[in-house]
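Bear in mind these aren't lab numbers, they're just calculated from the coordinates by the rules spelled out. Being a predicted model, the structure only gives us computed values, none of them experimental. All Cβ positions, glycine included, derive from the backbone under ideal geometry; neighbour counts span all protein chains shown.
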C-alpha cells in the first residue's frame, strides 16, 4: 500500500494500490466521523459501513467504492475540518484521494466522454462567445437540452450560465488603449480572470479593473493564460491538468518574480493556483506563483489593512446584503474578505455558509442533479427566506444555481463595490 497523492509516483494509477489506500482512509474516517454531515460521500461511507458490511471496511465492494468516489464533488471542506491532514503522521487527504481515484477510473475507462467535452472550457468559450446570441438561444430550447443531456450529460432542466458577446480580454485591450496607466499608481497586479469571467461574466472583470484602478492599482492581463484546469481533474485527466498548470505557471511566474501579485476573482480557480499547482507540479516556480496568488477580495482587504483602500463610498449602497460563502472560498482559509469588503460600504451582511453542490460540472450532470439539489436545499432556503436587498456570491456557478432555485440573481461582490464607488457598470 502506498500512501501517496503525488501523480508522479509510480503507484499513483495502480488500481489495487489505490483501493488499499482508500480502505486505510475509510478506516480512519469511520473512527472519527467529524465530517459525517459535510457531503454525500461521507454519509454513504458511514451508511455502508454500518448497515451493509457491519463495520468491515475491507468488505466494501468495488461498486461501493465507486459510489463514494462519485459522490465527492471536491468542496475541499473535509480537508479543512480533518485533524489528520498532512503533515500529520496519518497523512489523510480525502479530496486528493478522491482525485487519485478518479484518475484510476479514467485509466480503467470509467469516465464518460462527456466529462472530456465539458473540460474543454477554452474551446467552448471561444466558439460560444463568437456566436453568443445564437448559442444562448439554442441552449434554452428543450430539444437542444435533450441532446446535450444525451451527448455530454448536462441535466436538461438545469439553468446554465449564458455566454457574453464580448470577451473580457477583448474589453481589457480596448480599455487599456483608452486609459493607459499613469505614473501615479500604488502597485501593479497580474489578473487571472478565469474562464467564467473571460467568456461568461466579463462584467465581473470590468468591475475588478475599475475598483483596482480607483484605488491606484494597475492591472496587467498576461497573454496566453488558459483554464486553471480543475475540469480536467474532475475528469480524472491528470496529464492534461498538469500541462495546463505548467503553461499558466510559465505565463505568470515572470510577473510574480517582478513583484506582482496574481489576483483571481473566482474562488475555485484561486484555490487551484494556490493549492493544486504546487502539489501537482512540485516546482519552485509553482510555489512562487501560489504564494503570490490572492483572491481578489483578499488582496483588497490587504490594501485596506495597509491604509491604501478608499473607504469613501459615494455611490449606490445597500442596507442589507446576503453573501454566499462559497466552499472553495472557505477552503482557502483566508477568513471572509468579500463579506468584510461589503461591510465597509455600510451594509449589514448576512453570511450563508451552505454548499451549492455544483463544483464545476458535478451538480450539473444529469446523474447528480437530484442529489445536488438535496445538498443545496439549505442554501436555497436561506436565500429564499432572506429579506435582504441584495444577494451576492463570489462563485458564478453557485450564483446560477441560486438563481435557478430562488429566482433571485446574485451579483459578484466586486460589482457591489464598484457601485458603491459610483462606478457605472457600463463604464468603458
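Things worth noting here:
- The ranking of 201, 179 by Cβ neighbour count inside 10 Å, starting from the fewest, reads 179, 201.
- Volume per residue that the Cα convex hull of the chain spans, once the total is divided by residue count, Å³: 142
- On the basis of the beta-carbon distance and an R0 of 41 Å, residue 63 and residue 173 show a calculated FRET efficiency of 0.20.
- Per-residue Cβ neighbour rank within 10 angstrom, fewest leading, 35, 317: 317, 35
- Going by neighbour counts of Cβ atoms within 10 Å, the residues 241, 380 line up, fewest first, as 380, 241.
- Extending 7 Å from the Cα toward the beta-carbon at both residue 84 and residue 131 defines two label points whose distance is 5.3 nm.
- Label-to-label distance, nm, for residues given as residue 165 and residue 283 (7 Å Cα→Cβ offset): 4.1
- Computed from the C-beta positions of residue 140 and residue 54 and an R0 of 45 Å, the FRET efficiency is 0.35 to the nearest 0.05.
- Percent of beta bridges antiparallel (DSSP, the chain, rounded to nearest 5): 5
- The chain: calculated mean residue ellipticity at 222 nm from DSSP helix runs of at least 4, using -39500 (n - 2.57): -15000 deg cm²/dmol
- The range 320-420: Cα Rg divided by the 2.2 N^0.38 Å rule of thumb: 1.03
- Pairwise FRET efficiency - residue 10 versus residue 213, Cβ, R0 = 60 Å, nearest 0.05: 0.75
- For the residues 326, 119, 173, a GNM of the chain with alpha-carbon springs under 10 Å puts the largest fluctuation on 173.
- Highest to lowest packing among 92-101, 63-72, 332-341, scored as the average C-beta count within 10 Å: 92-101, 332-341, 63-72
- Gain upon complete extension [residue 353, residue 28; 0.36 nm per residue less C-alpha separation]: 114.3 nm
- Helix 121-130 and the longest principal axis of the C-alpha atoms of the chain enclose an angle of approximately 40°.
- Helix 369-385 vs. the chain, principal-axis angle (Cα, 0 to 90°, nearest 10): 40
- Prolate/oblate/rounded call for the range 149-259, Cα gyration tensor, a/c under 1.5 rounded: oblate
- Under the simplified labelling scheme, the residue 403-residue 377 pair shows an inter-label distance of 2.5 nm, with each label point 7 Å from Cα along Cα→Cβ.
- Taking Cα atoms only, the orientation of helix 238-257 departs from the longest principal axis of the chain by about 30 degrees.
- For the peptides 21-28, 137-144, the ranking by mean Cβ contacts within 10 Å, running from highest to lowest, is 21-28, 137-144.
- Mean Cβ neighbour count within 10 Å, used as a protection proxy, ranking 416-422, 120-126 highest first: 416-422, 120-126
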